[in-house]
Amino acid sequence: MSSVSVVIPCYKYGHFLADCVSSVLDEQDGVDVRVLIIDDASPDDSAEVAQKLAAADPRIEVHVHETNKGHIATYNEGLLEWADGDYVALLSADDRLVPGALVRAARLLDAHPEAGFAYGRPLRFQHGGPLPKARTRGTGSVVYPGQWWLERRFREGTGCITSPEVVVRTGLQRKVGGYDPALPHAGDIEMWMRLAAHADVGYVRGADQAFYRVHGNNMSTVDFGGQLDDLRQRLVAFDSVLAKCADRLPHADRLADQVHTRLARYALRRAYRAYDRGRTGVVPVEECVAFAEQCLPDYRKLPEYRALRLRRRIGPKAMPYLQPLVWSAVAERGREWLWWESWKRRGI
């Protein structure tokens with residue numbers, strides 16, 4: 001039977017702990033599971049809640065920090081210093097696993113030693129509301145070549161993983177190291193890419209793997225200004241992977257061009273949509289443009305910049321009213337271009 005070490009970092013989430021731990025220990029028949037709860041000096045009763053849970057189940061261990069060390073140090077303490085199972089999972093105290101998730105992931109990793117980690121589909125649910133109905137019967141799995149999966153992340157400029165749905169081969173986790181303290185908000189994306197640079201990636205099909213709880217204190221919750229900060233963190237994360245894994249990335253220059261272009265386009269899109277929605281007083285448009293230039297010196301050649309330039313000419317007051325006309329004109333030009341391209345392909 002495979003063993004899984006589950007690290008549960010906790011800061012002021014004691015009221016979620018019992019549900020989180022129960023989803024790990026009571027709903028994962030078929031794997032040998034141990035749990036470490038790390039309370040990062042919570043000012044509430046989180047440590048006491050954790051200790052009570054540990055007193056009732058010998059599979060639970062608790063570490064309590066005397067001073068707050070931050071989430072990155074807390075993650076690394078569990079992943080690199082404590083975990084000793086075949087596989088390791090990092091599960092925030094406010095999330096929970098779907099029944100059988102660890103079994104499905106372990107089964108995939110057991111069958112495919114070339115896979116460094118496995119993930120699946122997470123389900124988001126609103127705090128205070130009922131859990132959505134989860135699929136617990138998988139329809140198989142797929143293993144993606146690590147380089148292919150990594151290149152897709154660079155091409156899209158985003159991660160595709162929430163976090164609680166991931167199970168990592170413990171030996172590989174130690175090999176690539178822990179989370180980077182320089183990436184407090186994009187460490188997850190960078191970690192998955194670093195792992196993929198060293199191994200293939202498994203995906204559990206057909207079944208849901210974790211529940212991600214949505215509430216006002218989620219670390220990933222961002223406003224308009226935070227969206228730009230998110231892009232900045234993504235840029236640092238992708239550049240970090242390029243630097244750390246350069247010897248494993250044969251097309252590093254192409255990957256850098258792809259992700260820098262994609263992130264510049266994201267920033268400019270947010271800038272011009274601010275005009276469409278009458279949000280120029282909220283969205284930091286000029287900062288978005290500056291970020292696009294940081295990513296890509298030739299950003300002015302991008303279609304998103306042309307869209308922004310048109311909206312600047314129209315002005316922020318009129319643009320929300322004229323948006324349907326602008327979009328119709330753009331769509332018409334697109335149809336004309338497609339018509340012309342079709343005729344050129346016929347040799348006319």
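The values are calculated or read from the model by the stated rules, or taken from the named source; none is laboratory data. On a predicted model such as this, the values are computed, not experimentally measured, just so you know. With ideal geometry, Cβ positions are generated from the backbone for all residues, glycine too; neighbour counts draw on all protein chains shown.
When the test is whether a residue is surrounded by 18 or more Cβ atoms within 10 Å (Cβ to Cβ), closer than 30 Å to residue 91 by Cβ and among the hydrophobic types (A, V, I, L, M, F, W, C), residue 296 does not pass it.
Taken together, the criteria place residue 52 among residues that are of a type in the set (Lys, Arg), at pLDDT 95 or above and assigned to a helix (DSSP H, G or I). Being out of contact with any Phe, Trp or Tyr (no Cβ under 7 Å at 6 or more places or on another chain) and touching a residue at least 12 places away in the same chain (Cβ under 8 Å) is the filter here; which residues of segment 145-171 pass it? Scanning segment 145-171 gives 145, 146, 147, 149, 150, 151, 153, 155, 156, 158, 163.
Among the residues of segment 270-288, those identified as in contact with a Leu (Cβ under 7 Å, 6 or more places away or on another chain) and either within 24 Å of residue 239 (Cβ to Cβ) or in contact (Cβ under 8 Å) with a residue 60 or more places away in the chain (or both) are 271, 284, 287, 288. Scanning segment 106-116 for any residue that is under 18 Å from residue 190 (Cβ atoms), out of contact with any helix residue (DSSP H, G or I) (no Cβ under 6 Å at 6 or more places or on another chain), of a type outside the set (A, V, I, L, M) and buried (at least 21 other Cβ atoms within 10 Å of the Cβ) turns up nothing.
Checking the condition under 17 Å from residue 156 (Cα atoms) and touching a Pro at 6+ places or on another chain (Cβ under 8 Å), which residue from 235, 228 passes?
Working: 235 fails: touching a Pro at 6+ places or on another chain (Cβ under 8 Å).
Within the list 235, 228, the selection yields 228.
For segment 232-283, the set of residues classified as under 19 Å from residue 295 (Cβ atoms) and outside any helix (DSSP H, G or I) consists of 249, 251, 283, listed by residue number.
Quick one: which of 200, 188 is within 15 Å of the chain's Cα centre (by Cα), of a type in the set (Asp, Glu) and surrounded by fewer than 24 Cβ atoms within 10 Å (Cβ to Cβ)?
Being within 15 Å of the chain's Cα centre (by Cα), of a type in the set (Asp, Glu) and surrounded by fewer than 24 Cβ atoms within 10 Å (Cβ to Cβ) holds for just one of 200, 188, which is 188.
Any idea which of 63, 15 is part of a strand (DSSP E or B), farther than 20 Å from residue 165 by Cβ and assigned by TED's automatic domain parsing to the domain that holds residue 129?
Details: 15 fails: part of a strand (DSSP E or B).
Checking each option against the conditions leaves just 63.
Whenever a residue of segment 41-52 is among the hydrophobic types (A, V, I, L, M, F, W, C) and surrounded by 14 or more Cβ atoms within 10 Å (Cβ to Cβ), its partners that are part of a loop (DSSP other than H, G, I, E, B) and at pLDDT 95 or above, lying with C-beta atoms within less than 7 angstrom and at least six residues away or across chains, give the pairs 41/65; 41/66; 41/67; 41/68.
The set of residues from segment 134-155 being at pLDDT below 95 and exposed (fewer than 14 other Cβ atoms within 10 Å of the Cβ) comprises 137, 139, 140.
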